[in-house]
Amino acid sequence: MASENIIEVQNVTINFEGKIALSSLSFSVKKGERIALIGPSGAGKTTLLNTIATFIKPDEGQILIDELGSSELDDRKKLSRKIGMIRQQFDLVHQLPVVHNVLAGKLGQWGFFKSLWSLIFPQEKSLALRALERVGLKDKLYEKTANLSGGEQQRVALARLLVQSPEIILADEPVASLDPARAEDVLSMLTKLVIEENQTLITSLHSVEYAKKYFTRIIALRDGAVFFDLPVDEIQAENLASLYQLKEHM
Amino acid sequence: MQADFFARKRKNSLGFFGILVAITVGAIVITEYDIVKGFESLPRAVTWALGNFYPTQESLVKFPDILSSLIETLLVSIAATSIGAVFALFFAIMGSNTTRVNAFFGSISRVIATLFRNIDVAAWALILLFSFGQSSLTGYFALFFGSFGFLTRAFVETIDEVSGGSVEALRATGANYASIIFQSVIPSSVPQMLSWVLFMIETNIRSATLIGLLTGSGIGFTFNLYYKSLNYDIASLVVVTIIVSILLIESISNYVRRVIL
């Protein structure tokens with residue numbers, strides 16, 4: 001693997017009950033790139049992200065992640081230093097105060113007793129506070145998570161990622177359940193933090209406009225294959241038109 | 001087309017109603033139940049109850065005794081339910097598809113829970129009478145087994161319902177199994193689980209009365225004692241006490257539920 005490539009996807013094929021979800025997909029990602037995955041619903045964007053996160057094992061082909069051997073990919077603890085994930089549903093524990101959800105980013109590095117103790121007396125609180133400050137929620141440290149708005153909850157999920165501090169961030173439709181103003185707010189915050197931390201970002205998105213505005217490269221998927229893979233400034237209108245065309249008209 | 005649809009629907013419900021009537025009539029014929037006699041005896045029952053079955057001044061003498069056996073019943077129900085809940089939590093975590101360790105232990109714990117759930121508490125009481133005799137311990141175990149089975153089932157549903165996404169998210173942060181359980185599964189499901197436990201306590205207080213009849217303990221035994229010895233005024237006082245205490249417990253648990261949910 002070339003040293004500047006942090007992720008390398010090689011001929012990855014995945015079948016779900018006989019249906020092909022990803023067909024012989026290959027591309028590589030350089031450190032520091034911000035990639036938007038676009039494409040029609042069902043194109044395989046979420047499957048691809050879950051595969052890179054190793055939640056799904058490819059049926060054929062392999063995914064190489066910076067300096068990690070295939071056995072180390074099974075070690076969630078090690079993997080969590082490399083890859084962090086954020087999703088459309090935020091996946092927070094609503095019953096707990098914000099601080100615990102933010103510190104959840106540290107659970108991979110903490111032992112069991114420290115984690116349990118932290119539920120009563122939050123450990124490394126200053127870390128959580130700094131993370132919340134950066135996403136603009138400094139005053140919500142002890143607020144019950146369920147009481148926050150959707151946009152605020154997604155920012156708590158961002159703070160959790162900050163605490164986890166992985167080298168690669170995978171975001172699956174991170175703004176799909178937010179209104180346009182909150183969506184733009186969260187996206188600009190996400191990309192700003194990624195640039196500050198010198199992280200690599202892969203985000204699946206439905207908005208081509210945001211993809212062009214906040215990302216450096218766009219990979220378009222269609223029917224489980226790469227439809228085009230271009231730097232943002234080389235994207236043409238006709239690329240996009242044919243990407244989202246409905247099957248009946250082809 | 002639409003008229004067709006409604007006509008078909010009407011025909012279906014008419015057919016269903018017809019089958020229901022047929023089953024009812026069939027059941028009456030087979031069991032030789034006399035409807036007229038059944039309804040005729042209803043007013044007589046009411047007259048009898050109004051004439052005999054009410055607390056009197058004298059029966060109040062027995063009130064402290066009744067109260068102490070009621071408290072015994074309440075405590076046994078609460079103890080059985082809460083210990084049952086602890087075991088149920090463990091089995092539910094093992095049995096839930098989101099949190100089980102592996103498929104084998106998952107099905108084993110579900111089978112055990114199903115077994116305990118599908119034997120009624122009264123049946124448990126009869127079975128346990130052989131081992132523990134007539135004591136409140138028998139009643140305690142009967143309620144414990146019943147609650148354990150039911151609560152396991154309810155907890156599994158709760159875990160599957162609330163904690164899918166956050167479990168996956170914590171796995172992605174590298175948290176180990178125990179941390180995922182304590183940081184995500186339990187905090188997210190605690191309010192619903194408490195609600196189930198409160199429901200179970202209410203149900204158990206009702207069942208405890210019946211089980212007391214079988215095991216010769218608690219308020220059920222007290223009722224049986226006075227009823228069989230034809231002290232209807234005291235027996236009715238027992239019934240009134242039970243009703244009042246159940247209403248009280250229900251309103252307390254409704255209040256707690258409102259606060260936590």
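The values are calculated or read from the model by the stated rules, or taken from the named source; none is laboratory data. Predicted model, so just to flag it, every value in this text is computed and none were measured. Glycine gets a Cβ as well: all are built from the backbone with ideal geometry, and neighbour counts include every protein chain shown.
Matching residues to (1) out of contact with any Cys (no Cβ under 7 Å at 6 or more places or on another chain); (2) farther than 29 Å from residue B:260 by Cα; (3) hydrophobic (A, V, I, L, M, F, W, C):
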residue: B:178; (1), (2), (3): yes, no, yes
residue: B:185; (1), (2), (3): yes, no, yes
residue: B:193; (1), (2), (3): yes, no, yes
residue: B:203; (1), (2), (3): yes, no, no
residue: B:207; (1), (2), (3): yes, no, no
residue: B:231; (1), (2), (3): yes, yes, no
residue: B:235; (1), (2), (3): yes, yes, yes
residue: B:240; (1), (2), (3): yes, yes, yes
**OP:** Determine, yes or no, whether residue A:138 is more than 23 Å from the chain's Cα centre (by Cα), more than 12 Å from every other protein chain (Cβ to nearest Cβ), of a type in the set (Lys, Arg) and under 24 Å from residue A:77 (Cα atoms).
**Re:** no
Original post:
Which one is surrounded by the most Cβ atoms within 10 Å (Cβ to Cβ) among residues in the stretch B:135-167 that are modelled with pLDDT under 85 and more than 14 Å from every other protein chain (Cβ to nearest Cβ)?
Top reply: B:136
Original post:
Is the stretch A:228-235 home to any residue that is surrounded by 15 or more Cβ atoms within 10 Å (Cβ to Cβ), touching a Leu at 6+ places or on another chain (Cβ under 9 Å) and modelled with pLDDT of 85 or more?
Top reply: yes
Original post:
If you take the residues of the stretch A:32-53 that are closer than 10 Å to residue A:204 by Cα and within 14 Å of chain B (Cβ to nearest Cβ), which of them is surrounded by the fewest Cβ atoms within 10 Å (Cβ to Cβ)?
Top reply: A:46
Original post:
Among the residues of the stretch B:168-184, which ones are surrounded by 24 or more Cβ atoms within 10 Å (Cβ to Cβ) and more than 7 Å from chain A (Cβ to nearest Cβ)?
Top reply: B:180
Original post:
How many of the residues making up the stretch A:51-64 are assigned to a loop (DSSP other than H, G, I, E, B) and under 18 Å from the mean Cα position of the chain (by Cα)?
Top reply: 5
Original post:
Do the conditions hold for residue B:17, that is, is it over 29 Å from the mean Cα position of the chain (by Cα), farther than 30 Å from residue B:111 by Cα, in a helix (DSSP H, G or I) and among the aromatic types (Phe, Trp, Tyr)?
Top reply: yes
**OP:** Name every residue in the stretch A:65-116 that is closer than 15 Å to residue A:166 by Cα, outside any loop (DSSP other than H, G, I, E, B) and facing chain B (nearest Cβ under 7 Å), in order of residue number.
**Re:** A:76, A:77, A:79, A:80, A:84, A:85, A:104, A:105
Original post:
With respect to the numbered conditions (1) crowded, with 18+ Cβ neighbours inside 10 Å; (2) within 15 Å of the chain's Cα centre (by Cα), which one is the sole condition not fulfilled by residue A:81?
Top reply: (1)
Original post:
Quick one: is residue B:208 within 10 Å of chain A (Cβ to nearest Cβ), farther than 17 Å from residue A:96 by Cβ and buried (at least 22 other Cβ atoms within 10 Å of the Cβ)?
Top reply: no
Original post:
How many of the residues in the stretch A:131-149 are under 18 Å from residue A:197 (Cα atoms) and either in contact with a His (Cβ under 9 Å, 6 or more places away or on another chain) or without any contact (Cβ under 8 Å) to a residue 12 or more places away in the chain (or both)?
Top reply: 1
**OP:** Would you mention how many residues in the stretch B:185-205 are away from chain A (no Cβ under 13 Å), of a type in the set (A, V, I, L, M) and touching a residue at least 60 places away in the same chain (Cβ under 8 Å)?
**Re:** 4
Subject >> Members of the stretch B:211-235 that are surrounded by fewer than 18 Cβ atoms within 10 Å (Cβ to Cβ), hydroxyl-bearing (Ser, Thr, Tyr) and either in contact with a Lys or Arg (Cβ under 8 Å, 6 or more places away or on another chain) or in a helix (DSSP H, G or I) (or both) >> reply: B:227
Original post:
Only one residue in A:160, A:182 is over 13 Å from residue A:89 (Cα atoms), in the same structural domain as residue A:105 (by TED's automatic domain parsing) and either surrounded by 20 or more Cβ atoms within 10 Å (Cβ to Cβ) or basic (Lys, Arg) (or both). Which one?
Top reply: A:160
Subject >> Selection count, the stretch A:159-214, where residues are more than 26 Å from residue A:5 (Cβ to Cβ), in contact with a strand residue (DSSP E or B) (Cβ under 9 Å, 6 or more places away or on another chain) and at pLDDT 90 or above >> reply: 1
Original post:
Does residue A:126 qualify as being within 12 Å of chain B (Cβ to nearest Cβ) and among the small types (Gly, Ala, Ser)?
Top reply: no
Original post:
Taking the stretch B:22-49, which residues are charged (D, E, K, R) and exposed (fewer than 10 other Cβ atoms within 10 Å of the Cβ)?
Top reply: B:32, B:37, B:44
Original post:
What's the number of the condition residue A:106 fails, among (1) under 28 Å from residue B:162 (Cα atoms); (2) charged (D, E, K, R); (3) surrounded by fewer than 23 Cβ atoms within 10 Å (Cβ to Cβ)?
Top reply: (3)
